[in-house]
Amino acid sequence: MRGAVLHAPGDVRIEDLDDPSIVEPTDAIIRVSATCVCGSDLWPYRGINEVTGPFPIGHEYCGVVEDVGSEVTSLRPGQFVIRSFIASDGTCPHCRAGYQSACAHRGGIQGAQAELLRVPHADGTLVPTADRRPPTGPAPSSCRAC
Ligand SMILES: [Zn+2]
């Protein structure tokens, strides 16, 4: 697959990367329909955060489920899903209280500016839309989440 990789401040390259795969039984793989540049992507891009080596970038995304791990119960291939940059299990006291961003088992998402993305804690992280198809129409001009 192709994806964006930040090598150094101001140096973003589109490269051929290995396709992600299911690592944990709670993972999902999605085909990214849309992704954006978050303000926190710009910190390393501008050199405000140190870049210690090349890394895949992007953590704001939506897409279509391609595959799910054996313990994923709420998602199936073909569903359109959305979510932000935090992976959350959906089961800890913080998640059950509605504070998924403070999940006891939270993890970051990176590499969303690519064709495919591995999402940990898929049941707690991804939110399927009622309509299984990706939305049509123009993309929003800016991210309102950050
Ligand atoms: Zn949690």
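The values are calculated or read from the model by the stated rules, or taken from the named source; none is laboratory data. All figures in this text were calculated on a predicted structure; none of them were measured in a lab. Cβ: placed from backbone, ideal geometry, glycine included. Neighbour counts: every protein chain shown. Protein only, heavy atoms only, side chains kept; ligands, DNA and RNA dropped before computing areas. Shrake-Rupley method; radii C 1.70, N 1.55, O 1.52, S 1.80 Å.
Computed values, structure above
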quantity	calculated
Tally of residues being more than 15 Å from the ligand (Cβ to nearest atom), surrounded by fewer than 20 Cβ atoms within 10 Å (Cβ to Cβ) and not in a loop (DSSP other than H, G, I, E, B) across the stretch 81-117	1
Residue in the stretch 82-105 that is over 20 Å from Ser40 (Cα atoms), of a type in the set (Ser, Thr, Tyr) and in contact with a Leu (Cβ under 9 Å, 6 or more places away or on another chain) present	no
Residues of the stretch 1-11 satisfying the condition of being in contact (Cβ under 8 Å) with a residue 40 or more places away in the chain and surrounded by fewer than 17 Cβ atoms within 10 Å (Cβ to Cβ)	Met1, Arg2, His7, Ala8, Pro9
Top-ranked residue of the stretch 38-73 - restricted to ones that are assigned to a loop (DSSP other than H, G, I, E, B), crowded, with 18+ Cβ neighbours inside 10 Å and β-branched (Val, Ile, Thr), ranked as nearest to the chain's Cα centre (by Cα)	Ile57
Any hit, the stretch 18-29, residues being under 17 Å from Leu116 (Cβ atoms), within 16 Å of the ligand (Cβ to nearest atom) and assigned to a strand (DSSP E or B)	no
Pairs, first over 16 Å from Ile86 (Cβ atoms) in the stretch 20-44, second open to solvent by 40 Å² or more (accessible area, probe 1.4 Å) and of a type in the set (S, T, N, Q), C-beta under 8 Å, six or more apart	Pro25/Ser70; Ile29/Ser21; Trp43/Asn49
